[in-house]
Amino acid sequence: MIPSTVHAPRALRRARLALAAVVLGSAALFAPSGAAAQGAGGDATLAQTLFEEGRRLMEAKSYAQACPKLAESQRLRPGTGTLLNLALCNEGLGRTATAWGQFKEALFASKKEGNAAREAFAQEHIDALEPRLSKIQLNAENTPGLLVRVDGGDIPAAALGTPIPIDPGAHEVEATASGYTVWSTTVQVGESADLKAIAIPKLLPVAPTSKPAGPQAPPAASGGAGARSGGGGLQPAGFVIGGAGVAVLGVGAVFGILAAGQASDAEKDETLCPEKRCTPEGRKEINAAETKALVSTIGVGVGVAALAAGAVLVLTSGPSRAEGASAAAARQGSPARVHARIVPLIGPEGGGVGVLGAF
């Protein structure tokens with residue numbers, strides 16, 4: 001069990017005292033390095049503004065507000081001095097692993113720059129933080145293509161099984177692999193020198209989705225839509241033919257009215273048919289009226305015949321007839337088929353329609 005409160009070692013207390021002295025009296029130690037001041041003018045100005053505001057907030061121990069400003073200043077204009085301040089800020093927030101890593105980075109940069117004061121300061125904080133570092137160790141079973149993430153960040157396969165420094169607090173661990181289910185857990189890491197070992201089991205394969213072996217035959221209708229449809233579609237056909245008959249009958253009636261009116265007007269017109277003797281122009285009018293009359297006669301005949309055919313189809317397409325045909329077809333091993341054709345009949349004296357087929 002990790003105690004909830006751990007007293008800072010003497011080295012850490014000395015480092016904090018050194019921090020206060022340096023923050024107040026040594027601008028050279030914490031100022032951004034001159035080598036990094038070669039960025040664009042706007043970025044450099046913004047970076048310096050954020051750095052100074054972050055320093056001010058950090059002196060007031062407002063670490064949560066100071067750290068994002070220092071981090072952005074470091075992004076805009078990287079510098080060893082800014083990095084040291086950012087590490088101190090994260091240390092103040094209790095992010096021991098983050099601060100330790102940043103002090104390490106600042107140590108290497110200070111050695112490269114030949115700045116002994118910064119190098120000594122970074123090393124002192126590294127020595128104070130290392131005994132307090134909490135760590136997490138991820139032990140994973142062998143799963144092909146395994147990918148492990150901690151708080152959304154990928155963990156290299158080479159790091160599995162090795163204790164890794166991590167900030168105290170809650171962390172989300174996730175393991176994934178193509179074709180396997182996702183495994184995840186949440187681990188709570190203690191504040192000082194805690195070690196959490198996480199056993200990641202072998203992931204389970206995703207169950208394959210079942211697919212039908214071939215086309216599925218539709219279920220046989222039993223007193224359902226097939227029976228209600230009225231003999232395999234004859235009843236709807238009867239209504240369609242009957243409706244067409246009504247339409248044709250209406251057309252025939254219209255032409256009959258037009259023919260009667262045209263003939264009557266021609267006979268009454270003295271310029272066309274004086275004394276009931278029609279001139280050539282009058283005869284043309286009479287012939288046109290006779291043509292309309294013929295169309296009317298044919299239309300009426302076809303309409304009446306279509307109405308009759310439709311009525312026959314509707315009346316002879318009962319459920320019992322359809323069911324009997326279906327049963328007979330099933331006994332013979334073949335589906336029931338109904339064939340019907342509507343045939344127009346037009347003659348010199350009129351017209352109509354006929355229904356030909358096998359029911």
ask   = Is segment 203-225 home to any residue that is open to solvent by less than 60 Å² (accessible area, probe 1.4 Å), modelled with pLDDT of 80 or more and on the phi < 0 side of the Ramachandran plot?
value = yes
ask   = Being in contact with a helix residue (DSSP H, G or I) (Cβ under 9 Å, 6 or more places away or on another chain) and at pLDDT below 95, is that true of even one residue in segment 122-130?
value = no
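Quick one: would you say G94 is open to solvent by less than 10 Å² (accessible area, probe 1.4 Å) and not hydrophobic (A, V, I, L, M, F, W, C)? If you could, list the steps in order and put the result at the bottom.
Details: open to solvent by less than 10 Å² (accessible area, probe 1.4 Å): no; not hydrophobic (A, V, I, L, M, F, W, C): yes.
When the stated conditions are applied, G94 does not pass them.
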request  = Given the conditions (1) open to solvent by 30 Å² or more (accessible area, probe 1.4 Å); (2) more than 30 Å from W183 (Cβ to Cβ), report the number of the one that W100 does not fulfil.
outcome  = (2)
query = Within the bounds of segment 119-140, is there any residue that is among the β-branched types (V, I, T), under 44 Å from the mean Cα position of the chain (by Cα) and buried (at least 19 other Cβ atoms within 10 Å of the Cβ)?
reply = yes
request  = Output the residues belonging to segment 83-104 that are more than 15 Å from E130 (Cα to Cα) and either in a loop (DSSP other than H, G, I, E, B) or under 40 Å from the mean Cα position of the chain (by Cα) (or both).
outcome  = L93
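The values are calculated or read from the model by the stated rules, or taken from the named source; none is laboratory data. Please read all numbers here as calculations on a predicted model, not as lab measurements. We place every Cβ from the backbone using ideal geometry, glycine too, and count neighbours over all the protein chains shown. Quick note on the areas: whole protein, heavy atoms, side chains included, nothing else; ligands and nucleic acids left out. Shrake-Rupley method; radii C 1.70, N 1.55, O 1.52, S 1.80 Å.
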